[in-house]
Each structure stands twice: as structure tokens, then as C-alpha cells.
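The next block holds one structure in the form of C-alpha cells; read it before the comments.
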Amino acid sequence: MSSLSAIAASTPADRDRYVDFLRAFSIVTVVLGHWFIAIIVWEGGRISVDNAVGLQRGLWMATWVLQVMPIFFFVGGFSNARGWGSIRRQGLGYRAFLARRLERLLWPTAIFASVWIVIEVILHLSDTGAPGITRGTFLPFGPLWFLGVYVVVIALAPMMLEAHRRWRLAVPVALALAVGTVDAIRLGTDLKGIGWANLLLVWLAVHQLGFFYADGSLPAAGRRRWWTMIGAGLGVLAVLTNLVTFTDELWYPRSMVGVDIEPVSNMSPPTFAILALTVWQVGAAMLLRSRANTWLARPRTWTRVVLINSMIMTLFLWHLTALVVAILVLHPLGFGLEATTSIRWWLERPLWLLAPPLALIPLLLAFSRWERPLRRRPGG
């Protein structure tokens, strides 16, 4: 902790601490959300989880606030813009940019994948396995979908930055129109597979907004425009999630996370609703920025943000493994047996927000060393 305190104390005055906070906040929220909403399913010795949002009436409203993957990609746009600028000032090129930006992503991911591949091989060779961790257990691999998309977004960042400099707001507008077109085809025809084009288009558009933060134009926009973003984003969300088909089905689900009982997901693949979600969340983030920066100036607060960012990839990659460990311990004791959002399920929520972190601590201690060394600048 002393080295972390030293790093925190040596933070350059021009560093945007709020970006580091938003990155940490988004990942921690995703992790806690996964633990909180899990309805554990144990079938044939294999663990999986269902999403409580689809079973509890009104819980979808929480996803309009707590589905924060847009904030992560928005912050990624800021970081990649700053990273490319730093590379260019050093006289380096695209390969150096990729190497630097991907290093922290790929090393922890390679370690995570290697460990789980060994576990799966052992389970296959032995044809046995611990109860619940049978061959083909995919729960721990849930985080990997986003990494594949983010790697592509990083690879495209220099080109998208050039487009930002030339055409500014026209770029995210064009991407949004493309997303809407894909949605119309996906939802209005039998060509459902085209929806997966939005897996890149949506997150590129969100990432593009981060460039407006990096060049200073978004922070300078002022409270009126931030409030306009909040109102416009929420307004469009309200309209989209109340559109119905001729068979009285919703075009866009009200939940901003995937729910098994709904025929359409706003996240898999993402839809125009995620862009509306992004606009309101980014507006809210800008509105809270000044007050948050005052709070982040406190040494203890900033040190905690540095700590989280120093192991953020490890935290994200291993949090579902920690959930599996917690399930293996608690399930034989009679916990995690509820298949619905019953009163008992709600009463157990504190337990399921306490046990996985305890299981995660040794994983963080073991594997966070593969993140970027602490002697480097925090979080960036």
C-alpha cells in the first residue's frame, strides 16, 4: 500500500483523475452487478446463471443506471486518443501504439485463458471434475466477449481519430444512423443475423464520444448541453422501449442487459437503445465531473482509485471464477437454491455480495502481478 500511496502522491497535476475513477467505477459496477443478479442454475452437475432482471418486475429500471459498459468504452475513447497523441509525440507509429495499448489487456487475458484451459484439459482427461465444474463449464469465460470487441476498437482508434478531426460530430451521427438501419433490418425482416454488425458499430460510436472528452470540447460544452444529453437520452430510451409490433411485442426490451425470457436483447447484439443509454449516462457523468474531482483530490480516495486501476483487468477477468468458487462452497450448505426472485433470494443478496469478493482476493493476489507494473502511471 505504501508504493500505491507513493504513486498516488506523484500523480501529475494535469492527469484527468475522473477518467480513472469512471474506468474503476464501470468495471466494479459490472462485477457487483453480475454477482447480485445471478440466479444459480445447477443442471447435470454444471453451473450456469440466469438473470434476475427477467424475473423481477420493475428491476429493468436499475439497468438504465447500472448497465455501465457504455461508460467503459467512452473512457476507452479518451484513453486511446491520449495514447495515440503520446505515441505520435514520441515519433513512434501504429505498431508501438498497438503494443502499448494491448499489453495490459492481453497479458492478464492470456494467463486467465491458460489457467482455465489447463483446468478444462484435466477435467476432460479425468472425465470427472469437481461438482459443478464439469467439462464445458463456460461461466468463467463470460467477460471475454467484450475484450474481443475492445481489441478491434483499439486497432481502429487511429483511423477513427483522424475521422474525428475531419468530420467531428458527423462521425458518431453516421455510426448511429448505421446502427438504426441495422436494427430496422434485424427487427423488421427475417435477416436477424445482420444485428451482429452492431456489435462493432455501437461500440465504435460510444468510443467516438470519448474523443470529444479528450479534445476538451465535451467538458467545455456546459451544464445546459449536459442536461440536454440527459433529457435526450432518457427521452429516446422511453420512446424506443415503448414501441410495439403488430403482435404487441416490444421492439426494444426495457432491460439494458440480456434477459433470457425476451425474444430480443439490447446487448447481444447491442441496439440503438444502447446509444440512447450512452448519451444520457455521458451527460450525467459530465454533470457530476466537477464535484467528483473535488472528492478525488483527497489522498485516501485517490489511492483507492489507483489500487483498483492497478488490478482492474484481473478483477474483471476472474470475478466470475470467484462466483463459481463461492457457489461450490455455499451450494452444499443450502444457499443459492432459489430459481426465482423469492423473498429468500432477496435475503441472500448480501451473502452473494460478500462471498465472491472473499474468493476473489487470493485470485487478485496471485494474478494481478501480470498487470502493468505499479511503477507506471496509475490507470492510464
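We did not get these values from a lab; they are worked out from the coordinates using the rules stated. Bear in mind the structure is a predicted one, so any value in this text is a computation, not a measurement. Cβ placement follows ideal geometry from the backbone for every residue including glycine, while neighbour counts extend to all protein chains displayed.
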Figure the gain on full extension for S5 and Y94 (residue separation times 0.36 nm, minus the Cα-Cα span) and round it to one decimal in nm.
28.7 nm
Label model pair W346, D260: point-to-point distance (7 angstrom along the Cα→beta-carbon line) in nm is 2.2
What distance in nm lies between label points placed 7 Å from Cα along the C-beta direction at L105 and V65?
3.1
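Roughly how compact is the stretch 2-370, stated as its Cα Rg over 2.2 N^0.38 Å to two decimals?
Numbers: Rg = 21.3 Å, N = 369, 2.2 N^0.38 = 20.8 Å.
Here the Cα radius of gyration is 1.02 times the empirical estimate.
Are there chymotrypsin sites (Phe, Trp or Tyr not before Pro) in the stretch 198-306 that DSSP puts in a loop and that have at most 14 other Cβ atoms within 10 Å, and which ones?
Values: sites: W203, F211, F212, Y213, W226, W227, F246, W251, F272, W280, W295, W302; in loops: F246, W251.
Passing both the DSSP loop test and the Cβ count: F246.
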Computed ³J(HN,Hα) along the stretch 213-226: with the Karplus parameters 6.51/-1.76/1.60, θ = phi - 60°, integer Hz and x for glycine or proline, the list is 6, 5, 8, x, 6, 6, x, 7, 5, x, 4, 4, 6, 5
Given springs between every Cα pair under 10 Å in a Gaussian network model of the chain, which of H331, H319, H164 has the largest fluctuation?
H331
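Stretch T228-V173 to full length: gain in nm at 0.36 nm per residue minus the Cα-Cα span?
Between T228 and V173, full extension yields an extra 18.2 nm.
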The FRET efficiency for S217 and M159, from their Cβ-Cβ distance with R0 = 25 Å and rounded to 0.05, is 0.80
Residue (of N80, F25, A52) at the positive-pole extreme of the chain, dipole from beta-carbon charges:
N80
Amide H to amide H, which residues 5 or more places from M267 or on other chains are under 5 Å from it, using H placed in the peptide plane?
G258
Only Lys, Arg (+1) and Asp, Glu (-1) charged, at Cβ; the chain dipole about Cα centre in debye
1960
Estimated distance in nm for a label pair at R304 and E338, the labels positioned 7 Å out from Cα along Cα-to-Cβ:
2.8
